[in-house]
Amino acid sequence: SASKSAREKLGFEVWENIERGWFFLDFNEGAFFKRFIKYCFSKYSLIKLFIFGGEKELIIKEENIFHDYEDASWEIFTNQFDFCVLKTHDYLNWRIKVTKENLKVIKAFKDEQPLGYIIYNIKNNRFDIVDFTFVDNVVCKEMLSFLVKLGRKQNLNAITIRLNASHRYKSLFQQLGFLRFIKTQSYKIYPSTYKDFRSWNTHLTPLDRNE
């Protein structure tokens, strides 16, 4: 392709193919939905009671704009990866604005501190997650629980998410009931100088694709 030729002329080379797959949580598939509910309660109910004190709950709300004071929280998430786009408020607001899709955002807060977000759209009667960030697994679970409740109210069927096949959080989503059901495409990574990365510790989402 033209973009490939341009990169090669600039001295870039392919150093890794990242295979992506779809992870699918079906609201109507009893076994997987029950696994999601069981995992949520067994892993986190006591954690919330003893660590969070039981009274200060996470607040999940819809908010389709990002702010500069949130950048530090999103940086905590991106810093754990070898290869990841830095999710600043400028980048996220730009991506949401230029995409042709009608993207929506939910965010998690505790004591007004931003702890996570999920960017998604609705298509084919399901929530399709195109980007996410969370400071810990508890926040991830709470945001997904919010989407499950919202989706069932809107008579949607499922939540889907696309991750590279060896993503470090693949096991978390599978424990929550997501099923990897199809291989999609492999993405070629063109590095400049930085090559010390592990494919399982790479975070690329549909939001990061070239327009």
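The values are calculated or read from the model by the stated rules, or taken from the named source; none is laboratory data. Owing to the predicted nature of the structure, the values given are computational and were not obtained by experimental measurement. Quick reminder, even Gly has a Cβ in these numbers, built from the backbone with ideal geometry, and neighbours come from all protein chains shown. What goes into the accessible areas is simple: the full protein's heavy atoms, side chains included, and nothing from ligands, DNA or RNA. Shrake-Rupley method; radii C 1.70, N 1.55, O 1.52, S 1.80 Å.
Got a sec? Which of T78, T88 is modelled with pLDDT of 70 or more, under 25 Å from F173 (Cα atoms), β-branched (V, I, T) and touching a Cys at 6+ places or on another chain (Cβ under 8 Å)?
Values: T88 fails: touching a Cys at 6+ places or on another chain (Cβ under 8 Å).
T78 is the lone residue from the list that is modelled with pLDDT of 70 or more, under 25 Å from F173 (Cα atoms), β-branched (V, I, T) and touching a Cys at 6+ places or on another chain (Cβ under 8 Å).
The rows are residues; the columns are (1) surrounded by fewer than 18 Cβ atoms within 10 Å (Cβ to Cβ); (2) of a type in the set (K, R).
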| residue | (1), (2) |
| --- | --- |
| I60 | no, no |
| E63 | yes, no |
| S73 | no, no |
| D82 | yes, no |
| Y91 | yes, no |
| R95 | no, yes |
| T99 | yes, no |
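The requirement of being modelled with pLDDT under 90, touching a strand residue (DSSP E or B) at 6+ places or on another chain (Cβ under 8 Å) and closer than 19 Å to V105 by Cβ is fulfilled nowhere in the range 191-198; no residue meets it.
Considering the conditions (1) closer than 17 Å to K61 by Cα; (2) open to solvent by less than 40 Å² (accessible area, probe 1.4 Å); (3) β-branched (V, I, T); (4) modelled with pLDDT of 90 or more, V148 is excluded by exactly one of them, (4). Annotation: V98 fulfils all but one of (1) at pLDDT below 95; (2) in contact with a strand residue (DSSP E or B) (Cβ under 9 Å, 6 or more places away or on another chain); the unmet one is (2). Would you please name the residue that is least open to solvent (accessible area, probe 1.4 Å), looking only at residues in the range 166-189 that are closer than 24 Å to W74 by Cβ and at pLDDT below 80? Once the filter is applied, the top-ranked residue is I189.
Screening L144, L172, L156, L86 for residues that are among the aliphatic types (A, V, I, L, M) and over 25 Å from R209 (Cα atoms) leaves exactly one candidate, L156. Whenever a residue of the range 165-179 is within 17 Å of T133 (Cα to Cα), it has no partner that is open to solvent by less than 60 Å² (accessible area, probe 1.4 Å) and in a loop (DSSP other than H, G, I, E, B) lying with C-beta atoms less than 6 angstrom away and at least six residues away or across chains.
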